[in-house]
Amino acid sequence: MSRLKFSVALSPSAKIRRLRADDPVSFIPMDAIKDGLGGVDGSRAEPLNVMTAGSYNFVANDDVLLAKVTPCFENGKKGRAEGLINGVGFATSEVYVLRPDASRIDPDFLLYLLSSEDFRFEGIRSMTGAGGLKRVSAEAVRNYHVNISSPEDQVAIARFLDRETGMIDGLIEKKTRFIALLKEKEKAAISRLVRRGLDRNAPTIDSGVDWRGRVPAHWVRGRMKDHFRQEKRQGYEDLTVLSVYREFGVIEKSSRDDNINKTPEDLSKYQLVNPNDLVINKMKAWQGSMGIAPMKGITSPDYVVMRPIGEHDPRYMHHYLRAQPMPWVYRLISNGIRTDQWRMEPEKFLGLPVYIPPIEEQRLIAERIDVELERIRGLISLTESSIDLLREKRAALITAAVTGKIDVRAAA
């Protein structure tokens, strides 16, 4: 047993020779350090004098970088510096730089050691600070107890883990691609059903609209203004606050923890939303950020709220408004200098043409979409669960190997 500080130098001092002030060196911000064991990207060049003037950590080739701030530490950001420009790098101050003593610890073994569940637990337990600024204690890193085996055994363990985790990572990558394909299939199925209906052999006619193409001959042409009317109803501050997500439509804001927009204390200007109302984020409509509300509540005064008029099934209309190519259409009718400032004005939205089937057919299409979504999302959920299990297996294997709980030398 030994403490880690006897095998690595933490935040070693800079030793820069034969470089001029304007010579390029590697700059390593946090996003250049990949999650897990993804490595370090040292390709970004900055002049040496710019880096030495800032509060950055000196890095040399073969140094190991470890994120110390939350949530980067929990996400496993770490890597070995290789191929640095002129052999010199400077990393964000939010990482620890560990320089392994080659006579005591192998750099690759060190990386796996820092990935073990035991080290992760000790690091999280040592964190100090508030909110998103918690940091792992340097003393927790220095004083971490590790079983130091011979350098030859360390190399054998690292090679074994390279092979085994490589196979696991390959499976995870395949399953991740499968999830992406399922999501694309989901989008394609919804678009086909809301645009062409259930009967693929139904007679069609030219809609006269370039982006709409051909439509079933019995569907009725109208405009969005035949189905929605904008209303701004305020003074309902006691109701639940709602938000609009591109992925989900209209949901309770409190149901998600990734919304950076703070809810103000004064909600008197927030707008009433009734079930089946259409809620649109004007600034992000071109991304598909709109939906039919399934519940009552209030939402931002910057959104557009429209109550339903005419005859349409709310479930069908919800999918129609969010299906391809509608976000692209909203982009065409939006205005703005920059992409992140494009706005879709309600008048242009209400002028859009729409072909929809009779109300009963709308309900049947909505039911079919529900069945398709349940099937596809069930497959996605099962695949995500299998990925979680593989990640747990990977973490447990690394921990067992670097702590000597299993002897992998023969397998290596």
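Worth a mention:
- Residue within the range 329-345 that is open to solvent by less than 30 Å² (accessible area, probe 1.4 Å) and in a helix (DSSP H, G or I) present: yes
- In the condition set (1) closer than 30 Å to P24 by Cβ; (2) assigned to a loop (DSSP other than H, G, I, E, B), G89 is compliant with all but (2).
- Residue check for F90: modelled with pLDDT of 90 or more, among the aromatic types (F, W, Y) and touching a helix residue (DSSP H, G or I) at 6+ places or on another chain (Cβ under 6 Å): yes
- Any hit, the range 134-148, residues being farther than 21 Å from A401 by Cα, open to solvent by less than 70 Å² (accessible area, probe 1.4 Å) and assigned to a loop (DSSP other than H, G, I, E, B): yes
- Hey, R391 farther than 13 Å from E186 by Cβ, open to solvent by 90 Å² or more (accessible area, probe 1.4 Å) and assigned to a helix (DSSP H, G or I) or not: yes
- If you go through the range 193-215 and keep only what is assigned to a strand (DSSP E or B) and either surrounded by fewer than 11 Cβ atoms within 10 Å (Cβ to Cβ) or touching a Ser or Thr at 6+ places or on another chain (Cβ under 6 Å) (or both), you end up with D206, R214, V215.
- Under the condition of being in contact with a Ser or Thr (Cβ under 7 Å, 6 or more places away or on another chain) and among the polar types (S, T, N, Q), the residues counted in the range 157-189 number 0.
- Among (1) open to solvent by 60 Å² or more (accessible area, probe 1.4 Å); (2) farther than 22 Å from P353 by Cα, the one test that G235 misses: (1)
- Filter result (of a type in the set (K, R) and modelled with pLDDT under 95) within the range 323-376: R331, R338, R343
- Of the residues making up the range 260-279, those that are open to solvent by 40 Å² or more (accessible area, probe 1.4 Å) and under 25 Å from M326 (Cβ atoms) are N261, N274, P275, N276.
- Reported count of residues in the range 156-168, each being open to solvent by less than 60 Å² (accessible area, probe 1.4 Å) and out of contact with any Phe, Trp or Tyr (no Cβ under 7 Å at 6 or more places or on another chain), is 6.
- Within the range 280-297, restricting attention to residues that are within 27 Å of the chain's Cα centre (by Cα) and not in a loop (DSSP other than H, G, I, E, B), the residue that is surrounded by the fewest Cβ atoms within 10 Å (Cβ to Cβ) is Q287.
- Pair list, Cβ < 7 Å and 6+ apart or interchain, from the range 137-158 residues that are in contact (Cβ under 8 Å) with a residue 40 or more places away in the chain and within 27 Å of T70 (Cα to Cα) to residues that are exposed (fewer than 15 other Cβ atoms within 10 Å of the Cβ) and polar (S, T, N, Q): V146/S2
- Inter-residue pairs, beta-carbon under 7 Å, first within 15 Å of M167 (Cα to Cα) and in the range 382-403, second outside any helix (DSSP H, G or I) and among the polar types (S, T, N, Q), 6+ apart: I398/S115; I398/S116
- Qualifying residue in the range 220-231 (condition: among the polar types (S, T, N, Q), under 30 Å from K269 (Cα atoms) and touching a helix residue (DSSP H, G or I) at 6+ places or on another chain (Cβ under 6 Å)): yes
- Residues that are loosely packed, with under 15 Cβ neighbours inside 10 Å, small (G, A, S) and without any contact (Cβ under 8 Å) to a residue 60 or more places away in the chain within the range 101-133 comprise A102, S103, G129, A130, G131, listed in sequence order.
The values are calculated or read from the model by the stated rules, or taken from the named source; none is laboratory data. Keep in mind the model is a prediction, meaning the values are calculated, not measured. Note that we place each Cβ from the backbone using ideal geometry, even for glycine, and neighbour counts take in every protein chain shown. For accessibility, only protein heavy atoms count, side chains too; no ligands or nucleic acids. Shrake-Rupley method; radii C 1.70, N 1.55, O 1.52, S 1.80 Å.
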